[in-house]
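To keep things clear, I will list the structure first and then write my remarks on it.
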Amino acid sequence: MQAILVTGGCGFIGSNFIRYLLTESGYEGRVVNLDKLTYAGNPENLEEIARQAGQRYRFAKGDICDPAAVRAIFQRERIDAVCHFAAESHVDRSIVGPGAFIETNVQGTFTLLEVAREFAADVKLFHHVSTDEVYGSLGPVGYFTEETAYRPNSPYSASKAASDHLVRAYHHTYGLPVTVSNCSNNYGPYQFPEKLIPLMILNAAEGKPLPVYGEGRNVRDWLHVADHCRAVWAVMQRGRRGQTYNIGGRCERVNIDTVTLICDLVDEMLPDPGAGPRRRLITFVKDRPGHDLRYAIDCRKIETELGWQPRETFESGLRQTIQWYLDHREWVERVRSGEYQRWVKLHYGA
């Protein structure tokens, strides 16, 4: 793999993956970052990497749903591998506006697969990044495995399930070399503040209410984004073509426990004695429709076959994440205010 196309590389996980690929992984080839620069895509995330990497990193503003744009990149950059992160990913947004999820997650994946098939003589791998939400909701016991039947319960997870099936179908029908990974909930630096962990960190730091769905009893398995990046690269390098690998953090926690831990760590790291403990800010709100009770991943396959294991505990990773957000308040304000979108339009066009 000498020229990897990373889709959605200005987003949370994609930008962390590109940073890992070009600075820590030992990869010596080129990375081409294709991103539409929607609200969650921020090229500022990779400004330093772009300067350091020189000709090894290139950015292309474009839509994965545009066959001509994707085809031009394959031709111009001599792409021989794809790592496909680009997706609409927020469940709440999918409930309000599912159309964008079908367009990006299903049609966009189809477009990429079709172009990769056109260049099949050159493409060594199409890696598709997906979610554990395609499996639906677990009861109080058990784990998702690579053999678990799909039962998506939101427009978001249904769109990702459809894209997973397309990728597998292109492997079995056309012989396209593919791998798929389904990961648990990610957290870490550069995550857009609409997601649970950064939202709670920032609201706690600012003394704002901490909205928790229902009674906060939903369970999630948390995966630090750095561990996820290492896992994706392990699958791309050593994973068996046509196979799926579940990636989990072995950090299963009840949501309300996650929020209270964030409160306690923010109290410790950003003391405000006059305001009282941040736990007082927790506010229970009406549950969202179809809220899955529990996700938990059995990641023994990637551990045994590829030798990957998560390095971060939830406590160590969360402490690092809180410190990052406290240290990068200017980034947060630009993202939340829309200032970075004005910067994007100035530098990259509307």
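Excluding same-chain neighbours fewer than eight residues apart, the lysines reachable from LYS61 by a Cα-Cα span under 19 Å are LYS36, LYS345. Using 1/(1 + (r/R0)^6) with R0 = 41 angstrom and r between the beta carbons of GLU268 and ALA100, what's the FRET efficiency to the nearest 0.05? Plugging the Cβ-Cβ distance into 1/(1 + (r/R0)^6) gives 0.55. Under 5 Å between amide hydrogens, built in the peptide plane, is the criterion, and for TRP222 it picks out GLY249, CYS251, GLU252, ARG253 among residues at least 5 positions away or on other chains. Close amide H partners of ARG30, meaning residues 5 or more places away or on another chain with modelled amide H under 5 Å apart, are ALA3, ILE4. Along the range 19-32 the Karplus relation, 6.51 cos²θ - 1.76 cosθ + 1.60 evaluated at θ = phi - 60°, assigns HN-Hα couplings of 4, 5, 4, 8, 10, 10, 7, x, 5, 10, x, 9, 10, 10 Hz to successive residues, with x for each Gly and Pro.
For the chain, the mean residue ellipticity at 222 nm estimated from helices alone is -13000 deg cm²/dmol, where every DSSP H run of n ≥ 4 contributes -39500 (n - 2.57) and the total is divided by all residues, rounded to the nearest 500. Contact order for the range 1-81, expressed relative to its length and based on alpha carbon pairs under 8 Å spaced 6+ residues apart, stands at 38 percent. Just to confirm my numbers, what's the Cα centroid distance between the range 278-307 and the range 191-244 in Å? Their Cα centres are 8 Å away from one another.
For GLU114 and ASP92, a Förster radius of 30 Å and the Cβ-Cβ distance give a FRET efficiency of 0.45, rounded to the nearest 0.05. Kirkwood-type hydrodynamic radius, the chain: 20.7 Å, calculated from all non-identical alpha-carbon pairs.
Calculated FRET efficiency, ALA169 and ALA275, Cβ-Cβ r, R0 56 Å, to nearest 0.05? According to the calculation, E is roughly 0.55.
Computed over the range 52-115, the range of Cα coordinates on each principal axis works out to 41, 29, 17 Å, biggest value leading. Within the range 7-89, all pairs of alpha-carbon atoms sorted by distance into 5 Å bins from zero give the percentages 3, 15, 29, 26, 19, 7, 1.
Going 7 Å from the Cα of ARG56 toward and past its Cβ, which residues in the range 1-31 have a backbone nitrogen under 13 Å from where you end up? Inside the label zone: 2-4, 18-31.
All C-alpha pair distances within the range 43-197, sorted into 10 Å bins from zero, spread as 10, 34, 37, 17, 2, 0 percent across the bins. In whole Å, what is the distance between the alpha-carbon centres of the range 139-161 and the range 1-36? A separation of 27 Å, based on Cα centres.
Other residues within the sphere of radius under 14 Å centred on the Cβ of GLN55, judged by their own Cβ, net out at +4 (K and R +1, D and E -1).
Neighbours of LEU306 by Cβ distance under 12 Å: Lys/Arg scored +1, Asp/Glu scored -1, total +3. Annotation: aspartates and glutamates with alpha-carbon distance below 12 angstrom to LYS160 (same-chain offsets under eight excluded): GLU88, GLU103, ASP132, GLU133. Ranking of ILE13, ILE201, ILE282 by neighbouring Cβ atoms within 10 Å, starting from the fewest: ILE282, ILE13, ILE201.
With both labels modelled 7 Å from their Cα along Cα-to-Cβ, the ARG300 to ARG329 distance reads 4.8 nm.
Peptide packing for 99-109, 133-143 was compared via the average number of neighbouring C-beta atoms within 10 Å per residue; ordered from the highest value, the list is 99-109, 133-143.
For the chain, averaging the sequence separation of C-alpha pairs within contact (under 8 Å, six or more residues apart) and dividing by the residue count gives a relative contact order of 18 percent. Label zone of SER316 (point 7 Å out along Cα→Cβ, amide N under 14 Å): in the range 248-280 this covers 250-251.
Every read-out reported here was derived from the displayed coordinates using simple, explicitly stated rules and does not represent laboratory data. Source: prediction; values computed, not measured. All Cβ positions, glycine included, derive from the backbone under ideal geometry; neighbour counts span all protein chains shown.
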